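What follows is a short report on a single structure.
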């Protein structure tokens, strides 16, 4: 699971109000190289929850993300864009779990695929 | 997909049916792979993303082994894939698809933040939601859950295209009506309606609020005429012959209203809004009742 996906996912257990973001428990991480595409980063930035991305990156010890991002950085700061790209698209959590911030329910991640199936009493 | 006995969704739930053996077919069988690619290409055409060369973030609902996703990657888009079958997802991982994968039951809702995705495609997945696998499951509620959460997570103006195999017209209608209730506009595009083999249904859903965009044209064989695009407002909603009924009808209190024409108009409007309980228009529509007090 990439952090891009983590940034989009919210917990969909019925009745949960504090559903974002999932806490990530990472036992195994992998670096999967992927083509650098600044256009995509610029398009995605306004849609991302930067705070959640930054916090998760910090927890997973991914370095290089600033607290806040300015227009200029998005336009031409190559080193920032590289770090952004790396955190968003290259780091993949292979084994671990996603944890609902309200109920503490664990959704296991195996082989890089989070299992977000709900039990019948949760939906 | 001719006889109903051929429908895999009647044999087992999707997470059971798509086991390791079935999943393997999607990487070794070139016929299946070809069909999947064709369906995806057509779905992308109907999705009608702006052609500005910008990479977009898309959803692949029921992504399976990632065959449809590969077409998205080829076009330079990023995607997230959801599927319920772990075997299929593992095959997708092995194939090193670019998109990110999650195991999810679409009928439980997508659980995505609002307005993030630029579009969604789904190839041959929707009909799986129309069957109840346990006594707790209600296909209508599951569809509603999917469409509600999909409407939420799409950016305004984005579209979703579902290629599907509806069992019959009633099922197609049920799916479309459910989608409309979640706020979408659009309808079903049927490609090659005359051919039982090549016939393909695409549910095209649009989120744009400005104006009513036109449903795309269906494909047809060159020598076969007539394109069948049924929109929610067409066919049944059309008013019957108008002549002859203008004179009588209408009450004293509302001289212009409540004649046959008025009733037909109201019924057409209700149909357009997706109500299923509207009586058909017949010669009895809007006729005066016999005076029963004489009996």
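Assess whether residue B:260 counts as being at pLDDT 85 or above and crowded, with 18+ Cβ neighbours inside 10 Å.
Spelling it out, residue B:260 is indeed at pLDDT 85 or above and crowded, with 18+ Cβ neighbours inside 10 Å.
Scan the range A:35-87 residue by residue and report those that are in contact with a helix residue (DSSP H, G or I) (Cβ under 7 Å, 6 or more places away or on another chain) and at positive phi. Passing the criteria: only A:64.
Test residue B:108 against the stated conditions and say whether it is in contact (Cβ under 8 Å) with a residue 12 or more places away in the chain and either more than 14 Å from the chain's Cα centre (by Cα) or assigned by TED's automatic domain parsing to the domain that holds residue B:11 (or both). The answer is yes for residue B:108. Listed conditions (1) surrounded by fewer than 20 Cβ atoms within 10 Å (Cβ to Cβ); (2) within 10 Å of another protein chain (Cβ to nearest Cβ); (3) within 19 Å of residue B:16 (Cα to Cα) are all met by residue B:142, apart from (1). Identification of helices (runs of 4 or more DSSP H) wholly contained in the range A:6-123 with 1 or more residues that are touching a strand residue (DSSP E or B) at 6+ places or on another chain (Cβ under 6 Å), more than 12 Å from chain B (Cβ to nearest Cβ) and buried (at least 19 other Cβ atoms within 10 Å of the Cβ) yields A:50-59.
Among residues of the range B:6-27 that are surrounded by fewer than 17 Cβ atoms within 10 Å (Cβ to Cβ), those with a Cβ under 8 angstrom from a residue that is in a helix (DSSP H, G or I) and modelled with pLDDT under 80, sequence gap 6+ or separate chain, pair up as B:10/B:4. Note on the range B:79-97: among residues that are over 23 Å from the mean Cα position of the chain (by Cα) and at the interface with chain A (Cβ under 7 Å from one of its Cβ atoms), the one that is surrounded by the most Cβ atoms within 10 Å (Cβ to Cβ) is B:89. Out of all the residues in the range B:175-187, is one or more over 25 Å from residue A:100 (Cβ atoms), within 14 Å of chain A (Cβ to nearest Cβ) and buried (at least 23 other Cβ atoms within 10 Å of the Cβ)? No - not one qualifying residue is present in the range B:175-187. Any chance the range B:94-107 includes a residue that's modelled with pLDDT of 90 or more and over 23 Å from residue A:2 (Cβ atoms)? Looking through the range B:94-107, at least one residue is modelled with pLDDT of 90 or more and over 23 Å from residue A:2 (Cβ atoms). Looking only at residues of the range B:58-76 that are under 17 Å from residue A:44 (Cβ atoms) and buried (at least 23 other Cβ atoms within 10 Å of the Cβ), we find that the one that is nearest to the other protein chains (Cβ to nearest Cβ) is B:59. Taking the stated definitions as given, is residue B:157 within 28 Å of residue A:19 (Cβ to Cβ), surrounded by fewer than 22 Cβ atoms within 10 Å (Cβ to Cβ) and under 19 Å from the mean Cα position of the chain (by Cα)? For residue B:157, the condition - within 28 Å of residue A:19 (Cβ to Cβ), surrounded by fewer than 22 Cβ atoms within 10 Å (Cβ to Cβ) and under 19 Å from the mean Cα position of the chain (by Cα) - is met. Within the range B:42-52, not a single residue is free of Cβ contacts under 8 Å to residues at least 60 places away in the same chain, in contact with a helix residue (DSSP H, G or I) (Cβ under 9 Å, 6 or more places away or on another chain) and in the same structural domain as residue B:137 (by TED's automatic domain parsing).
The values are calculated or read from the model by the stated rules, or taken from the named source; none is laboratory data. Treat the numbers as computed from the prediction; the structure is a model and nothing was measured. Cβ: placed from backbone, ideal geometry, glycine included. Neighbour counts: every protein chain shown.
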